[in-house]
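Report on the following structure.
The values are calculated or read from the model by the stated rules, or taken from the named source; none is laboratory data. Computed from a predicted structure; not experimentally measured. So basically every Cβ, Gly included, is an ideal-geometry build from the backbone, and we count neighbours across all protein chains shown.
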Amino acid sequence: MSERDDPETIGRRVQQLRAERGLTQRQLAEPAYTPAYISTLEAGRVRASDDALRHIAGRLGVAFEELAVGRSPHLATDLRLRLTEAQRTLATGEAKEAAVQYAALLTEAEAQGLPAEQAAALLGLGECALETGDLVEAREYFERAEEVTAREPLPVRVPALRGRAVAHYLAGELRYAVYLLESALDELNRGGLHDPDALLLLYASIIGPYMDMGAHARAAQAAEFALALAPQVEDPALLARMHRSVARTLLAEGRVAEADASLAKAAELYRQLQLRTELANCHWMRGYVYAQDGELDRAEEELREALAMLSATRAALYSSQVAVELADVLHRRGKSAQAAELLEGVLGDLSSERGAVHSAAAHRLLGIIAEDARDTDAAEEHYVRALSLLERAGAAGDLADLCRLLGDLLRRTGRVEAALDAYRTGLGHRTAPGTTTLGPAPAQPPL
């Protein structure tokens, strides 16, 4: 047991408990130890072994933990039970209520000196903050969880590290998010720390940043690894998250039926678990699949369902991101006025520090709508703002497409040199997606 009070504190505790029970040092010591050893221990001059403390605890009629750290083991058990209740509250979409529960539990865990429970509460607070879109706060909670678990093996630290990476990703810091996730994957794989849950969590989380950076080959590889690891993982919530992430890469490869099947599996798992926000995200990705396959009516239905569910659970940032994709479908269905109204309504929730890629997507679509309405000035303004957001995020694939749109607009308005500059910028990003920002791919897991 790594957590333990100092020898003097334990010595005083043993002496007090022995006196309360009316035992002599000989009675406490026998048959395994000597009275002299008990005397030395009570004086704080020796650090007792776990075996010695278990013997003494048994003679005193107390739990080992109570003797070693001065508290009843029931406290930790009760705290873990209430942590599970908070986790369920979060899983059903009540992020703000869950945050109140986690905050109270964190205070208790700190007061009782329970690092594992502190870390669990901090992770929960971080997940709540991700859900409500408070990305700076989320990152701080995950960083604190990493500090609390700093001496633990990497698999124990992975959930906090992954949470911090997701916070950076949602803030538009794609390259740094990839760096964090790839570094952890390398350390796990090269160090022989084959923990299926930790590996699956990392591979599922890195697919999104890879796709947004245009590194489709790496996203596909991460998806394959995640699918290969899935049979070794028992956590259905983790499996559902993996299926949802993998669907995106299957779609990029043109495997639409497989993508939809993967999302259907995720949806069923989330229904079983009643994880409303994740289930909403699943409807979101199904809408994305249908939109890419040209089934716009089904896409609109799925995205509206996702938006309603996320709005009901007050997941502000995710709601804004879904709204952007719904607006794209509405525009493609000829409902541009509805699309523009939806986009204008969510832009206040998005920024370069909070949902940069989707903020850029909103400006890109508003630019296209403005072009359709022959308002070239407004279109150019939206394209330029989107370009700035994507450059900061390092979203190579989206940058290339946006440069083409901007170049076409500039060419049509007679600014040929400026158009050529935009095209060259776009070609630079299209030449080798992801290779300018990513180092060697992570080592392959020992499947």
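Within the range 146-162, not a single residue is assigned to a helix (DSSP H, G or I), at pLDDT 90 or above and touching a Gly at 6+ places or on another chain (Cβ under 7 Å).
Return the residue satisfying two criteria in turn: it lies in the range 22-44 and is at pLDDT 90 or above and of a type in the set (D, E, K, R), and of such residues it is nearest to Ala116 (Cα to Cα). Here the residue is Glu42. Of all the listed residues (Ala228, Ala257, Ala219), the sole one being surrounded by fewer than 18 Cβ atoms within 10 Å (Cβ to Cβ) and either at pLDDT 80 or above or under 15 Å from the mean Cα position of the chain (by Cα) (or both) is Ala228. Of the residues making up the range 432-440, none is surrounded by 18 or more Cβ atoms within 10 Å (Cβ to Cβ) and at pLDDT 75 or above. Here Asp186 fulfils each of the conditions (1) buried (at least 23 other Cβ atoms within 10 Å of the Cβ); (2) farther than 21 Å from Met285 by Cα apart from (1). The criterion of at least 2 residues that are farther than 25 Å from Asp5 by Cα and charged (D, E, K, R) is met by the following helices (runs of 4 or more DSSP H) wholly inside the range 42-130: 73-91, 95-112.
On the basis of being surrounded by fewer than 23 Cβ atoms within 10 Å (Cβ to Cβ), without any contact (Cβ under 8 Å) to a residue 40 or more places away in the chain and among the acidic types (Asp, Glu), does Asp134 make the cut? Judged against the criteria, Asp134 is a match.
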